[in-house]
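A.B. asks: Here it is, the structure, as structure tokens.
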Amino acid sequence: MNRIFLRIFPLTLLAIAAAALVVYGAIRLFLGDPLEDIARKQASGPIFLLEHYIDQAPQDEWLARLNRVREISNLSLELVPVDTAVAALPEDKRDALRRGELVLDIPGRAFLRRVDLKGERYVGSDEEVLQVLNLPIDVGLELKIEAIRYGIVALFLLVPIAYWSRMHWRELLALSKAADAFGEGRLDVRAQVRNGAAVYPLAQRMNQMAERIDSLMSAQRQLLHSVSHELRTPIARLEFALELLADRMQGAPEEKRVRAMEEDVVELKELVNELLSLTRLGQAEQAAAEPVAVVPLLQSCAKRHEHVLASRRFQLIESVGDCDVAGDPRLLARAVGNLLANAAKYAHSAVELRAERGADGSIVITVDDDGPGIPEAERERVFEPFYRLDRSRDRSTGGFGLGLAIARKAAQLHAGTISVEESPLGGARFVLRLPASTHEVAYKAAYEAAYKAAGQKKSLPV
Ligand code: ATP
Ligand code: MG
């Protein structure tokens, strides 16, 4: 059941109930109370008996005929004083009774009428009212029939409403799915909504916006890639030239300055390489999907960063045993390696690398340290390229601010996520979540094969 229908359903029922009340009110106002009409028809037999048999009696026989009717029918005919009868009636009917009209008491299944206005039937007859009880009045049945009628109308109204709201709901879901996917960075996803849909113009606008952002982003990536690529050759030349120069200046006072320039060029080369990796990752749609054993991967990452971890208390804790994730081993090692390098750089004394299974079966790799941590407000921004908390970049502390951006991109290419929180050690905890299991490796490979065979463009179905 969709949310639009759940909202419209009670509103429709309320509207129909209100319409029923308005219809009843309008008929009552212009044509008289319809319930009274019904009751009068149902009581027409006893009324006819009163008007055409009892009332037609000669003057002194009125009471005798009344008694005869009492004997032969199961109606209860009572004579009550006018004042008592008037007091028991609702305000709007009292005058009618006083005027000598026949007044119906629907809940009491009775009618009342004064015997006469001038005391002609018997002595004191103008002081009495004839009350006829046990009439065959049953407006409940009529009310039930009305309720069924309105119920059927409601049902017939709700069927098209349900159909309409279902269509809208599906279209809105398609839109929101596309918006979610787009927000997650899948810029090639477009909302697919049929031409006649009410949200079609909105979907068109969204798609145009997506198209524009996509082309801007790819232009920006392309520019970054081209610039980085073009910078490699002059940097290589500079590196070579500086090396020659430094060799020639051995022992000379300028040698130190040339060596420093050499280091700067090496740093520049690293930056360009990092930028190239980031732009290449940005252009990729999906990582390779080969089975990667989790624990050996972490062990080799730790080994590769031995030089920076040696001065810290380092621990690898794992509870996943022999399990695989589907992915590109080099890319995964790069992501974990970047997290380990950061932890080693910022930790005071301890670093922990951990692998465990999440509640949903995913593989959760965490890197903890006891360093300064990352303030809550910065926890998203540190994944942006070139964003660094410590702006005073120097050679001892400083990288380029690209490590986490690369790690996040690597996680996304594996349909995983990466986030940062507070570590129980007191510093930062980076959490890399990867959908996993050996079965999933097989599933993913089969999915990719089917995907390629179908040659489809990546888009979300409605
Ligand atoms: P690069 O990794 O490119 O050499 P970097 O380490 O400065 O440079 P990132 O790895 O992207 O860049 O990290 C971005 C910023 O996040 C860092 O500059 C640092 O301020 C902060 N940061 C990252 N990891 C930690 C950590 N474990 N503890 C505290 N701050 C961290
Ligand atoms: Mg880093």
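A.B. asks: In nm, to one decimal, how far is the modelled label at residue 259 from the one at residue 187, with both set 7 Å along Cα→Cβ?
C.D. replies: 4.4
A.B. asks: Please work out the ratio of the alpha-carbon Rg of segment 296-414 to 2.2 N^0.38 Å and round it to two decimals. Please report the intermediate quantities before stating the final value.
C.D. replies: Working: Rg = 14.3 Å, N = 119, 2.2 N^0.38 = 13.5 Å.
Rg over 2.2 N^0.38 Å, computed on Cα atoms: 1.06.
A.B. asks: Further question on the same structure: Given H placed on each backbone N at 1.01 Å, which residues far from residue 423 in sequence or on other chains put an amide H within less than 5 Å of it?
C.D. replies: The answer is 428, 429.
A.B. asks: On C-alpha positions alone, give me the angle between the axis of helix 438-454 and the longest principal axis of the chain, in degrees, nearest 10.
C.D. replies: For 438-454 against the chain, the angle is about 80 degrees.
A.B. asks: By average Cβ neighbour count within 10 Å, what is the ranking of 17-27, 31-41 from highest down? Display every interim value, and only then the final one.
C.D. replies: Numbers: 17-27: 12.1, 31-41: 15.0.
Sorting 17-27, 31-41 by mean packing, highest first, produces 31-41, 17-27.
A.B. asks: Provide, as a two-decimal number, the C-alpha radius of gyration of segment 150-207 over 2.2 N^0.38 Å, N being how many residues it has.
C.D. replies: Ratio of Rg to 2.2 N^0.38 Å for segment 150-207: 1.47.
A.B. asks: So how tilted is helix 3-31 from the main axis of the chain? Cα-based, degrees 0 to 90, rounded to 10.
C.D. replies: With rounding to tens, the tilt is 20 degrees.
A.B. asks: Ok, one more. What are the residues whose amide H is under 5 Å from the amide H of residue 323, where those residues sit 5 or more places off or on another chain and H is modelled from the backbone?
C.D. replies: It is 294, 295, by chain and number.
A.B. asks: Quick one: if the Förster radius is 41 Å, what FRET efficiency do residue 244 and residue 215 give, using the C-beta to C-beta distance and rounding to 0.05?
C.D. replies: About 0.40, to the nearest 0.05.
A.B. asks: Grab the Cα-Cα distance for residue 20 and residue 268, subtract it from 0.36 nm times how many residues apart they are, and report the gain in nm with one decimal. It would help to have the intermediate numbers written out before the result.
C.D. replies: Numbers: separation 248, 0.36 × 248 = 89.28 nm, distance 8.02 nm.
Extra length available between residue 20 and residue 268 comes to 81.3 nm.
A.B. asks: Would you mind checking the pairs 41/118; 269/303; 345/409; 177/269; 303/409 and listing those with alpha carbons more than 32 angstrom apart?
C.D. replies: On the way: 41/118 29 Å; 269/303 25 Å; 345/409 21 Å; 177/269 41 Å; 303/409 23 Å.
Pairs exceeding 32 Å: 177/269.
A.B. asks: How are the alpha carbon pair distances in segment 1-109 distributed across 5 Å bins from zero to the largest one, expressed in percent?
C.D. replies: 2, 9, 13, 16, 16, 11, 8, 7, 5, 4, 3, 3, 2, 1, 0, 0
A.B. asks: Against the longest principal axis of the chain, how steep is helix 403-413, in degrees 0 to 90 to the nearest 10, with axes from Cα atoms?
C.D. replies: The answer is roughly 50 degrees.
A.B. asks: A further question on this structure: How high is the FRET efficiency between residue 400 and residue 202 when r is their beta carbon distance and R₀ equals 30 Å, given to the nearest 0.05?
C.D. replies: Numbers: r = 40 Å, r/R0 = 1.35.
Working from the Cβ atoms, E equals 0.15.
A.B. asks: Can you compute the helix-only [θ] at 222 nm over the chain? Use -39500 (n - 2.57) per DSSP H run of at least 4 residues, normalise by all residues, nearest 500 deg cm²/dmol. Spell out each step's value before the answer.
C.D. replies: Values: 14 runs with 254 residues, N = 462.
Here the helix-only value at 222 nm equals -18500 deg cm²/dmol.
A.B. asks: Cut-off 20 Å, label point 7 angstrom out along Cα-to-Cβ of residue 163: give me the residues of segment 1-37 whose amide nitrogen falls inside.
C.D. replies: Only 1-10, 12-13 pass the distance filter.
A.B. asks: How big is the chain along each principal axis, measuring the range of its Cα positions in Å and listing the largest first?
C.D. replies: Per principal axis, max minus min of the Cα coordinates gives 153, 48, 44 Å.
A.B. asks: Here is a follow-up. Subtracting the Cα-Cα distance from 0.36 nm times the residue separation, let me have the gained length for residue 419 to residue 141 in nm, one decimal. Walk me through the intermediate numbers first.
C.D. replies: On the way: separation 278, 0.36 × 278 = 100.08 nm, distance 6.66 nm.
Result for the pair: 93.4 nm of gain on full extension.
A.B. asks: While we're here: Using the Karplus curve 6.51 cos²θ - 1.76 cosθ + 1.60 with θ = phi - 60°, what ³J(HN,Hα) values do you get for each residue of segment 80-90, in whole Hz, with x for Gly and Pro?
C.D. replies: 3J(HN,Hα) across segment 80-90, in whole Hz: 10, x, 3, 4, 5, 5, 4, 5, 7, 8, x.
A.B. asks: Here's another thing I want to ask about it. Return 323, 301 ranked ascending by Cβ neighbour count within 10 Å, so the fewest neighbours appear first. Intermediate values should be presented prior to the final figure.
C.D. replies: Details: 323 17, 301 24.
Arranged by neighbour count, lowest to highest, 323, 301 become 323, 301.
Each value in this text was obtained by applying a stated rule to the coordinates, not by laboratory testing. Nothing here was measured: the structure is a model prediction, and the numbers come from that model. Virtual Cβ from ideal backbone geometry, glycine too; neighbours counted across all protein chains shown.
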